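One structure is given here, and the rest of the page talks about it.
A short reminder: the numbers here are calculations on the coordinates, not readings from a lab. Quick caveat: nothing in here was measured; it's all calculated off a predicted structure. With ideal geometry, Cβ positions are generated from the backbone for all residues, glycine too; neighbour counts draw on all protein chains shown.
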Amino acid sequence: MAEPTAASESAIPCTELVDHLFRHEFGRMVSHLTRILGARNLAIAEDAVQHAMLRALQHWPFHGTPNHPKAWLIQVAYHRALDVLKKDRRLDLYDDEAETALTRQIDPRQGRAPVHFTNEVADEQLALIFVCCHPALPRPASVALTLKVVCGFGVAEIARAFLSTEISINQRLVRAKRTIRDQNIRFEVPSPAQLPDRLEAVLDVLYLLFTEGYAATTGDHLIKDDLCAEAIRLTTALTENTATSQPEVHALLALMLFQAARLPARVDAAGDLLLLEEQDRTLWDRALIHRGLRHLAQAAHGDHLSTYHLQAELAAAHVTAECFALTDWDHILTLYNLLQQLQPTPVVLINRAIALGQVEGPAAALDALESIPYDNQSQRYRLRHAAEGEFHRQLGNLPQARTFFQRALSCAHSEPERRFLERKLKSLAHTPLIANKKNRINVSNLPDTNRLYE
Amino acid sequence: MPQFALLFSAPETWRDNLSPEEIQALIAKYVAWREGLIQRNIFRGSQKLVEGTGRRLRTQNGKVLITEGPFSESQEVLGGFFVIEVPTYEDAVEVARTSPNLVDGQLIEIRQLDFMVPPPTQN
């Protein structure tokens, strides 16, 4: 349904700024300006919006919030962009086309927002996502650029989320914008012929965004929760557009929702990671799980089985189990067997081995783990070593268990992880030597965060 | 009742590198402070000054000299002012003390408005 935004805006009390209004408005305004100016002028659009927000910071404290904050912001941004374009008039790179388009857009009736329909806003945002997640850009650059221009994060916030420096994030952003300009990437939702490839890149980036937020490695927690929320918001936007509402988009959204549902239960009061089996399942967010199940149902169309489908199914198997003991490991193992054919990455193979341990016992799991080739990712070593330690413990091979837990500890990334492994090592001292070798009894698992299906 | 002008100055660079989220958080604080003044019925007006420019006029040997801003000798730039109506300087200080503007590098100067006697009636 099309509604002018100017009308819906009056619902916002003029003195109250809704949560994240500026952050979200940043993305909407950059999308809108980029549509007018062309993707080649993304940097000008971004500068104009930042400028408008700083103008608000200078003005509103003295004059109060305007009656239509969004309309005020976009008008200021229009005029800033126009000023910047006009400054280039004598230069070779002068973009008269952009200036004409912008001039046409600016409403002569000063201070009133042009009529702008909500479906148009949504389409503009999607088009900007497709620009930022173009396959010509390296994935890490796309992630940073999406956060900056679509989600309205500051460079310092992005650096905090990725444990990087502002300088290197800035370099990444500048290079990405140059590539967009040089490759003449267009501001549009791609045509049906191009859509599969382009969509794949977008989903990749959104999932990276989500996993970065979800991972319990170090980093600012508030920012990380925001990353998950943004990834869900943008993926939801993709499901709401007829062209992009593909089965694998619903599958990815379901996966994110299932994982996000477990966030509140992932750590205890002291901030220590909790095992899947230790988590208080009443803390899992039922509303998110139900939303996830609805999208999982919508994902079950077409004949393409994506890795997101399998990962969403896996996550669903965990979140729908009433308690840890009732987890359907046979089903989970079947899904991992399929997933390892599509995506035989070490992480998938390690997780498959863990599921195998639940079905066939620790000896089978250890066999499977030992057959996985080593690669250079210490992050995977710690998952692998922790699993090896755990299955040795279950077999009663305490010295081996200790060795592997210590190896995992030496490549642990975060404090909670370190404490988790230290707890494991300490518990070995109290484990009776007669181990219970039967299957599926009270098997301790890895911390939930390590069960990320990367 | 006496009125006071609260003059707000800030270094020109203090807003660099703020994210939209940070900008909104700052605006929310400032706007809430201003609303508080209005609710307590001590707010009498506020104006924002255009930054980065200005003119200074003075005479030297009978000639008018005009200097164009920005005036580099001062680190802080006068950004705007509020006028409040409270009984004493101490009350004005208390009001200014609660301003969210009062953070690192920012400056608030208070001056009492010197009215003609008798004072103009407030309405």
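Placing unit charges on each Cβ (+1 for Lys and Arg, -1 for Asp and Glu) gives the range A:164-298 a dipole about its Cα centre, and among A:Ala297, A:Leu203, A:Ser191 the Cα reaching farthest toward its positive end belongs to A:Ser191. Counting, for every residue in A:17-24, the Cβ atoms of other protein chains within 10 Å of its Cβ and taking the mean gives 4. Scaling the Cα radius of gyration of chain A by the globular reference 2.2 N^0.38 Å produces a ratio of 1.11.
Residues in the range A:382-387 carry Karplus couplings, in order, of 5, 5, 5, 5, 5, 5 Hz; the curve used is 6.51 cos²θ - 1.76 cosθ + 1.60 with θ = phi - 60°, and Gly or Pro positions show x. A Förster distance of 35 Å, applied to the separation of the beta-carbon atoms of A:Ser164 and A:Asp272, puts the FRET efficiency at 0.85. Could you state the angle between the C-alpha long axis of helix A:221-239 and the longest principal axis of the C-alpha atoms of chain A, as a value from 0 to 90 degrees rounded to the nearest 10? Roughly 70 degrees between the two axes. Expressed as a fraction of 2.2 N^0.38 Å, the C-alpha radius of gyration for the range A:153-268 is 1.18.
Summarising the amide proton neighbourhood of B:Gln3: residues at separation of 5 or more, or on other chains, whose placed amide H is nearer than 5 Å comprise B:Leu113.
Across the residues of A:50-59, average count of Cβ atoms on other protein chains within 10 Å? Don't jump to the answer; show the numbers that get you there.
Working: counts 5, 0, 0, 8, 5, 0, 5, 8, 9, 3.
Mean partner-chain Cβ count within 10 Å for A:50-59: 4.
Sequence-distant contacts, meaning Cα pairs under 8 Å at least 6 residues apart, place the relative contact order of chain A at 12 percent. Inter-part distance, the range B:41-84 to the range A:52-94, computed on C-alpha centroids, equals 23 Å.
With a Förster radius of 60 Å applied to the beta-carbon distance between B:Asn41 and A:Thr103, the computed FRET efficiency rounds to 0.85. Summary of packing: across the peptides A:29-41, A:156-168, A:66-78, the per-residue average of other C-beta atoms within 10 Å ranks them, highest first, as A:29-41, A:66-78, A:156-168. Taken about its Cα centre, the range B:1-89 carries a charge dipole of about 460 debye when Lys and Arg each add +1 at the Cβ and Asp and Glu each add -1 at the Cβ.
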